[in-house]
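To keep things clear, I will list the structure first and then write my remarks on it.
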Amino acid sequence: MTAIQNQSRKPEILAACMIGILVSGYLGWHHDEGWIAHDEGLLGHTAELTLAGKTPHIEFQDVYTGLLSYVNAISFKLFGINLASLRIPLLIGATLTSIIWYLIALRMVSPVVAGVVTLTSVAWSFPNYFAALPSWYILMAASWTVWVLIKFHETSSRRYILLAALFSGVAILFKIVGLYLVAASLFVIWISPPKHLQAESERQPTPNPYPLLSVCLTSIFTLMVGILIHKHLSLSTAVYFLVPVVAAMTIVLECSKRFTFQLKDTVRNCLIFSATVCLPLFIFTLPYILQGNIANLMEGLFELPKARLEHATALPPNGVWCLTSIPILMLTILETKIPKSMMLPLTATIALCGACLCTLASTPLVYQSTFVAIQCSLPTIAVGTWYCHRKRELHMPTVILLIVTACLGITQYPYSSGIYFCYCAPLVLLTFTGLIGRTTTYDKPLWLTFMVLIAAFAVARINYTNPRVIGTSSQRFENNRSLQTTRAKLKIESSLQQEYNSFLQIIEKQTTINEAILAGPDCPQFYFLSGRQNPTPQCYDLFRAYQLGGQPELESEIKRLILARNIQLVVHNRKPEFSEGYSPDFIAWLESWGESLPTVGSGRFQIFIKNGR
């Protein structure tokens, strides 16, 4: 349907404020609960190093681009050096982004439906893993970019191009996959003609290179996505990643044929966007350039991520699961042909089935089926959007959403676990909202019921559960214990509290605050929580092993560091999640180097104390 236009903006502003209050209250209520230790340790350790004046990618390996380390360092400076401080900017950003989702939804549906969609989007995102990870900030940047791109299409004002470019550039600075947002923004600008030319045109009387250029650009991008996923190419990856991209690119081609464009103006807009994107990137890289360290930055941004593609993988569910969303999609497409007398029984049926699924979702099979059906809905939604666009039933906000969502969906590669879907789920829901709001005759009770049920499932079965198993099972912890250190200030489960308190007591007893310890593979939380120094440049060993050429070279370097730095204590992670475990030869060396203390708690970590300590 067309954008909802109100004579007064007061109701819109009031509703946005109410949504902001609800979201901030819901997120703030649990903001300090739960953790994944190595993630929090990575964020805290890199932030503390940055706060101490060390430069990401030069004096330590930053897993991400680097801006997040600076943001977290500022959080430490303002709110104190503890893990809870890192979540304050996330809480503020999430609240503001929820308001943006509401404003986007208002372009497609009524205020009531927009409010329900917004709260549903929140339920499927931040509460599922409230840690200050870069993927959340990319979701925020993408959401704000969608909003300003919609404004650009409505007004043709180039100030919105500048804003979209700045948000896209900042997304790259949080994580290199922000490049996908840049590509999406460029395609939206490419198919956004000036306002006075936005009427649909018939066949051009003169040769028009625009469609041919569009074919080249969309083909190149689709090919690049195929090359990206070729190592894990299968039915699941093809359906999950390629189908939405192909649908979005097909819509780009149709728009390039349907509207009248001035190639000169479009190219100028794309160049303005590209130049502005480079501005935050240049500001960030300038210190590296002046110090002659640009090669180190480039290696950290483009070379080391190859290690992640090789080691940290979790492929998406089978592509057949996309078929489960076809009935709902058909209902959105054919609803105008359904007799009004059938709407009430249909709504009641959906409500009953949804309530049963929410009730039975404690059963793993029901939970997995429901979650995976929603997780795999984007390819079907993308095909439905393309179909409705061909019938000229869609308005530009939905098209913009699909392009951005299809590109942002690639950020789930190669680690397509359940929580990674949550990083783009709000955009998927907003795109679906565009489908149900494309006509003025859509049935409010039907889709309100559907959205409420999706939100209820998320709140009851996903929010504030174990993020490691989201999509597999609903595992809720009693996060009501605190560690005996001022560096955490997070509430965690009792078993982990006892385990980590024991380790921290041993570290405090055996070492001094100025000493270095060695913790690995992949357990930087011990550096941060104990306040001890890290003698290596890495937080996760897989990146350093890739850099040195293999695991034997990494272990040789660690041996040299232990001896050269006179390390007194080593924490051995027996079950690293990403990196390769230490070899039997290296563990034998550790056993000859020091005394192994009795294991504590889960037995995952083992402490060695240097002989003769």
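The values are calculated or read from the model by the stated rules, or taken from the named source; none is laboratory data. What you are looking at is a predicted structure, and each value in this text was computed from that prediction instead of being measured. With ideal geometry, Cβ positions are generated from the backbone for all residues, glycine too; neighbour counts draw on all protein chains shown.
Couple of notes before you dig in:
- Only residues that are out of contact with any helix residue (DSSP H, G or I) (no Cβ under 7 Å at 6 or more places or on another chain), modelled with pLDDT of 80 or more and under 22 Å from GLY384 (Cα atoms) were counted across the range 332-373, and they come to 1.
- Residues satisfying the stated conditions in the range 96-123, i.e. buried (at least 24 other Cβ atoms within 10 Å of the Cβ) and within 16 Å of TYR464 (Cα to Cα): THR120, SER121, VAL122, ALA123
- Criterion violated by ILE558 - all others in (1) at pLDDT below 95; (2) farther than 25 Å from GLU499 by Cα; (3) crowded, with 20+ Cβ neighbours inside 10 Å; (4) not hydroxyl-bearing (Ser, Thr, Tyr) satisfied: (1)
- Options ILE99, ILE81, ILE92; residue that is modelled with pLDDT of 95 or more, more than 16 Å from SER168 (Cα to Cα), among the aliphatic types (A, V, I, L, M) and not in a helix (DSSP H, G or I): ILE81
- Selection from the range 550-580 of residues that are of a type in the set (Gly, Ala, Ser) and either in contact with a His (Cβ under 9 Å, 6 or more places away or on another chain) or farther than 27 Å from ASP39 by Cβ (or both): SER556, ALA564, SER579
- Counted residues, the range 19-41 - those being in contact with a helix residue (DSSP H, G or I) (Cβ under 8 Å, 6 or more places away or on another chain) and not in a loop (DSSP other than H, G, I, E, B): 12
- Residue satisfying all of: in the range 589-613; in a loop (DSSP other than H, G, I, E, B) and at negative phi; surrounded by the most Cβ atoms within 10 Å (Cβ to Cβ) among these: VAL600
- Of all residues in the range 565-581 being in contact with a strand residue (DSSP E or B) (Cβ under 7 Å, 6 or more places away or on another chain) and surrounded by 15 or more Cβ atoms within 10 Å (Cβ to Cβ), the one that is farthest from VAL469 (Cα to Cα): ARG565
- Only one of THR536, THR512 that is under 23 Å from VAL600 (Cα atoms) and assigned by TED's automatic domain parsing to the domain that holds VAL570: THR512
- So LEU402, is it in contact (Cβ under 8 Å) with a residue 24 or more places away in the chain, in contact with a Lys or Arg (Cβ under 6 Å, 6 or more places away or on another chain) and either part of a loop (DSSP other than H, G, I, E, B) or buried (at least 24 other Cβ atoms within 10 Å of the Cβ) (or both): no
- Annotation: LEU223 fulfils all but one of (1) modelled with pLDDT under 95; (2) loosely packed, with under 13 Cβ neighbours inside 10 Å; (3) out of contact with any helix residue (DSSP H, G or I) (no Cβ under 6 Å at 6 or more places or on another chain); the unmet one is (1).
- Some residue of the range 229-241 being of a type in the set (A, V, I, L, M, F, W, C), assigned by TED's automatic domain parsing to the domain that holds PRO379 and surrounded by fewer than 13 Cβ atoms within 10 Å (Cβ to Cβ): yes
- Helices (runs of 4 or more DSSP H) wholly inside the range 464-578 containing at least 1 residues that are of a type in the set (Asp, Glu) and within 30 Å of VAL366 (Cβ to Cβ): none
- Condition met for SER69 (out of contact with any Asp or Glu (no Cβ under 9 Å at 6 or more places or on another chain), part of a helix (DSSP H, G or I), of a type in the set (S, T, N, Q) and not assigned by TED's automatic domain parsing to the domain that holds GLN538): no
- Residues of the range 575-598 satisfying the condition of being within 21 Å of ILE507 (Cα to Cα) and either within 30 Å of the chain's Cα centre (by Cα) or among the charged types (D, E, K, R) (or both): LYS575, PRO576, GLU591, GLU595
- Checklist (1) of a type in the set (Val, Ile, Thr); (2) modelled with pLDDT of 95 or more; (3) in contact with a Gly (Cβ under 6 Å, 6 or more places away or on another chain) applied to ILE513, failing item: (2)
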